[in-house]
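Nothing in this text is a laboratory measurement; each read-out follows from the coordinates by a stated rule. In this text, all values refer to a predicted model and were calculated from it rather than measured experimentally. In this analysis, Cβ positions are derived from the backbone assuming ideal geometry, glycine residues included, and neighbour counts consider all displayed protein chains.
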Amino acid sequence: MITKQHKTFVYNMLDTLLEDLTINLFPTSHTKGLYIAAHGAKMIFMEAEDSTVLLDMDETMIHVIKLTPEILEFFQKNPDSQNIPALKTNLKSNEIAPWAKENIKQIQKTLSQYKYKTFIKIIPHEQYGYGLIIFRPHIKEFIDGLQELITKHDLQDLKVFTANKQDYAQVLVDNVNEHVGQNLELYNPSQPLKPSSMIVDDNKPLAGGKLVRAQIIDKKDIMSDNTQHLVHVPAFRGDLNDKALLQALEDVKERV
Ligand SMILES: [Mg+2]
């Protein structure tokens, strides 16, 4: 019989040999590592690195605003502002698209003179005619860093999981891909993910729902502490000094 002392010996030995691995003498479905069987024959089992990182889109990687007269005026008056504010508009909801379409030339001209124009992009928007994507600062380092974890076999996959309608979600993913030079894809919720998977999200309740849909957690656990699976980032709303994605990358690295 393998005693506690034996286990400690094996643990220490493996820990020395395999410094960069997490070693578990007792298997769990939530962590990667080594499982050492204690009954008769010793057995070593290494779990495959099959975790997926899901990425929320809105307020996690980007922020999309409507193009309104107030926003146009803001960029005209503040061509080098590092904070793009949320501005109320005097237009009614159904007046925004016609106004934006009528003024798109002037909007494009004004935005082309914006000092931080590499952070923004005008996109078509079903409801408002046009929208303005603001890319969260450090999004490229963030996605590149996650891709590197896949290359190193610490992670299997990276997918975008957004509540947006499919067509619009694809427009956003395409624009993020163009911005960062990567090939992100939308997550298909009919594919269950491994329990070691996680999500990067600004919204804790919505993230809980996504974790359930991806079968990473059980429905009964939706209200419990999901910090193991959730890398929470503060919502991004246009502050170009934001650094939260650098911290989020470190948080993911710590868990894989
Ligand atoms: Mg969000």
Between GLU250 and GLU95, what is the label-to-label distance in nm when each label sits 7 Å out along the Cα-to-Cβ direction? 4.7
With springs only between Cα atoms under 10 Å apart, run a GNM on the chain and tell me which of ILE104, ILE150, ILE62 wobbles the most. ILE104
Cross-link pairs beyond the 31 Å C-alpha cut-off, checked among LYS115/LYS152; LYS92/LYS159; LYS66/LYS204; LYS77/LYS243: LYS115/LYS152; LYS92/LYS159
Once you place label points 7 Å from the Cα toward the Cβ at LYS115 and GLN5, how far apart are they in nm? 7.0
Please arrange ILE65, ILE123 by counting, for each residue, the other beta carbons lying within 10 Å of its beta carbon, fewest first. ILE123, ILE65
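Say R0 is 45 Å: what FRET efficiency, to the nearest 0.05, do MET13 and ASP225 get from their beta-carbon distance?
0.85
Return the ratio Rg/(2.2 N^0.38 Å) for the chain, where Rg is computed over Cα atoms only.
Details: Rg = 22.9 Å, N = 256, 2.2 N^0.38 = 18.1 Å.
Dividing the Cα radius of gyration by 2.2 N^0.38 Å gives 1.26.
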Translational diffusion of segment 174-256, µm² s⁻¹ [Kirkwood Rh, Cα pairs; Stokes-Einstein; 25 °C; 0.890 mPa s]: 173
Gaussian network model of the chain, Cα within-10 Å springs - most flexible of PRO195, PRO137, PRO205: PRO205
Dipole moment magnitude, nearest 20 debye, the chain about Cα centre, only Lys, Arg, Asp, Glu C-beta charged: 420
Taking only the alpha-carbon atoms of segment 65-135, the convex hull volume per residue, in cubic angstrom, is 77
